[in-house]
Amino acid sequence: MDSRVSELFGGCCRPAGGGASAALRGRGGAAPGGGGSSKTKKKNGRSRGGKANNPPYLPPEVSSGGRRLKLVNPSQYRFEHLVTQMKWRLQEGRGEAVYQIGVEDNGLLVGLSEEEMRASLKTLRRMAEKVGADITVLREREVDYDSDVPRKITEVLVRKVPDNQQFLDLRVAVLGNVDSGKSTLLGVLTQGELDNGRGRARLNLFRHLHEIQSGRTSSISFEILGFNSKGEVVNYSDSRTAEEICESSSKMITFIDLAGHHKYLKTTIFGLTSYCPDFAMLVVSANTGIAGTTREHLGLAMALKVPFFIVISKVDLCSKATVERTVKQLERILKQPGCNKLPLLVNSDDDAVTAAQQFAQSPNITPIFTLSSVSGENLDLLKVFLNILPPLTNSKEQEELMQQHTEFQVDEIYTVPEVGTVVGGTLSSGICREGENLVVGPTDDGKFLRLKVCSIQRNRSACRVLRAGQAATLALGPFDRALLRKGMVMVSPEMNPTICSVFEAEIVLLFHATTFRKGFQVTVHVGNVRQTAIVEKIHGKDKLRTGEKAVVCFRFIKHPEYLKIGAKLLFREGVTKGIGHVTNLQAITTKENSLEESLGPGQLSF
């Protein structure tokens, strides 16, 4: 690719190990009717003056962007057509789209004069107002196109104004070794105040007294950071409540703060497998480098195929040479054959935009940020990155999930005074409405119990409808909490869910000190299910050694669970670790009358 493309769009954002960065693409879905204006398209690669030149190109647009050469004084018909395309792109991008002005459909970086660019942005602003959106200029670049007049290309973010709680919600799991600064960083991002160097920013995130006393996270907590339609940060500063943040935000980042200490590893794995994060943020302390559970957390993110980016914290405590040494240490690990990642060091706003768009398009790109929660150095770069970061799923995939039966994973269980039993978790598929009747299970004897959803809260604010992929808490009224446990599912009564005690999985044994045999017991993680299972049989082999692959039959030792074929599986026991996916279930049939037989006082809430 022409090196000028990298210079124009890549800015200073370089792969941390050197080499040219890929050119950006637009995003937001291809609209029916496609293409932009082509009044100044060239013939046979010649410029206006007739001289042959090699103009910079972006790759041709592939169903994922809003390229427009110019939007100067369109006719009414043309304007309505452009508005329709913008609606489509916003729908496909789940409320977001990036427009590249001054770029032809074939990727030619033509650029526009100052006057043409001003008129084009004015038209784009009118289009956005028509569909209830705002625009934000992300960046401008001058292009060399054999013209006496300076010409520019501009990237513009178009984002819907929040409407009826339909904000875009991305979940980011926060990983890293103990004392790497995870909770402090989240406290600074969500509270809007820098840390004092002694952990003041993290105090609001802790859930237990022993966490405050030790300064170490032992449980899973959630923090929210919002961005409004203009790309401005919306957080708890100015004494905002969670409800006000939700109302003001077009995009919400939900951080899942996980434990860094090795003794809380099972909690961290549960957070990664159960809460289905879209992305992971690996926090590494600049002064200690890769230490403790850092490698293990990195391995977990890769095993579960969660895209991750890296934040090097505490740069205020170190010399520049120490920070560079930590960056090089990370580069070496990321480039190893097991990882095969391309590190991208972010040093400016332009780099952050490039990193966000490339990160979403290529699973091999790994952005690296160096920042301080005390001095605030480079903190804004992380905010720019999170603001532009697009969702992994488009509206079509979301629509398909919503048309399936309702399935809600039970991850947390609470008792709230004057409310009753409350469960927290993620809606895997379907739509859940306030007042809906569902069944929950399986119980220890494999049955499902009926219940009613009394109310729903999402990001600590009331919500009437929950859609697939969204996390929330559901109030169940007088339903007996003792009948619930983590790992259960709440599903539509007509679904007839499949449960099993025995299942088969194709696994890879990542590490075992000796040999992995029949009768070995491991803790199995599948989604929100976490239970000890015993190895019943290894198909085709008597034993497994580190690195070997096989189909293994497992049996849960306590009670049956709700599993799906194809679900990712992770198991561990001491230093033994393995990953795989479920290939077969020995289903236990759930008869309709088992619902009625299992009902007792306070369990039927119709």
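Over the stretch 469-589, with every protein chain in place, what whole percent of the accessible area is carbon and sulfur at 1.4 Å, could you tell me?
That share works out to 51 percent.
Amide H neighbours of L344 under 5 Å, counting only residues 5+ apart in sequence or on other chains, H built in-plane at 1.01 Å?
The list, which skips near neighbours in sequence, is A16, T366, I368.
Could you name the lysines whose alpha carbon sits less than 20 Å from that of K160, not counting residues in the same chain fewer than 8 places away?
List returned: K87, K122, K130, K230, K251, K383, K396.
Mind listing the phi-derived Karplus ³J(HN,Hα) values for the stretch 516-532, rounded to whole Hz, using 6.51, -1.76 and 1.60 with θ = phi - 60°, and x for any glycine or proline?
Rounded to whole hertz, the list is 9, 10, 4, x, 6, 9, 9, 8, 9, 10, 10, x, 8, 8, 9, 7, 6.
Within the stretch 218-267, list the trypsin sites (Lys or Arg not before Pro) lying in a DSSP loop whose Cβ has at most 16 other Cβ atoms in a 10 Å radius.
Qualifying residues, ordered by number: K230, R240.
What net charge do the residues around G519 carry, taking every other residue with its C-beta under 13 Å from that of G519, with Lys and Arg at +1 and Asp and Glu at -1? Write out the running numbers ahead of the final one.
Details: positive: R517, K518, K537, K543, R555; negative: E536, D542, E573.
Net charge in that neighbourhood comes out at +2.
At a Förster distance of 25 Å, what's the computed FRET efficiency of T583 paired with I290, Cβ-Cβ distance as r, to 0.05?
0.15
What does the charge count around A550 come to, taking other residues whose C-beta lies under 14 Å from its C-beta (Lys +1, Arg +1, Asp -1, Glu -1)?
+2
Within the stretch 383-452, list the GluC sites (Glu not before Pro) lying in a DSSP loop whose Cβ has at most 16 other Cβ atoms in a 10 Å radius.
Within the stretch 383-452, the qualifying GluC sites (Glu not before Pro) (loop, at most 16 other Cβ atoms within 10 Å) are E418, E434.
What number comes out for the charge environment of G477, summing +1 per Lys or Arg and -1 per Asp or Glu over other residues with Cβ under 14 Å away?
Taking every other residue near G477 into account, the sum is -1.
Leaving ligands, DNA and RNA out of it, rank R141, R485 by accessible area with a 1.4 Å probe, largest first.
Accessible-area ranking of R141, R485, largest first: R141, R485.
Can you pull out the GluC sites (Glu not before Pro) in the stretch 484-568 that DSSP calls coil and that have at most 16 other Cβ atoms within 10 Å?
The qualifying sites are E548.
Find the lysine pairs in the stretch 499-587 meeting two conditions, Cα atoms under 16 Å apart and a separation of 8 or more places or different chains, and report how many there are.
Going through the stretch 499-587 pair by pair, I get 11.
With a 1.4 Å probe and all protein chains kept in place, how much accessible area does F511 have, in Å² rounded to the nearest 10?
100
Quick one: which residues, 5+ away or cross-chain, put their amide H under 5 Å from the amide H of T546? H built at 1.01 Å from N.
When sequence neighbours closer than 5 places are left aside, the close amide H contacts are H512.
Give me the 1.4 Å probe accessible area per residue for the stretch 396-491, excluding ligands and nucleic acids, in Å².
41
Could you sort out which of K182/K305; K266/K314; K305/K341; K314/K335 sit more than 19 Å apart by Cα distance in this structure?
K182/K305; K266/K314; K314/K335
Determine the shape class of the stretch 396-491: with a ≥ b ≥ c the square roots of the Cα gyration tensor eigenvalues, call it rounded for a/c under 1.5, and otherwise prolate if a/b is greater than b/c, oblate otherwise. Intermediate values should be presented prior to the final figure.
Working: a/c = 1.91, a/b = 1.25, b/c = 1.53.
Oblate, since a/c reaches 1.5 and b/c is not below a/b.
The values are calculated or read from the model by the stated rules, or taken from the named source; none is laboratory data. Not measured: the values here are computed from a predicted model. For neighbour counting, all protein chains shown are included, and Cβ atoms are generated from backbone atoms with ideal geometry for every residue, glycine included. Keep in mind that these areas ignore ligands, DNA and RNA; they rest on the heavy atoms of the full protein, side chains included. Shrake-Rupley method; radii C 1.70, N 1.55, O 1.52, S 1.80 Å.
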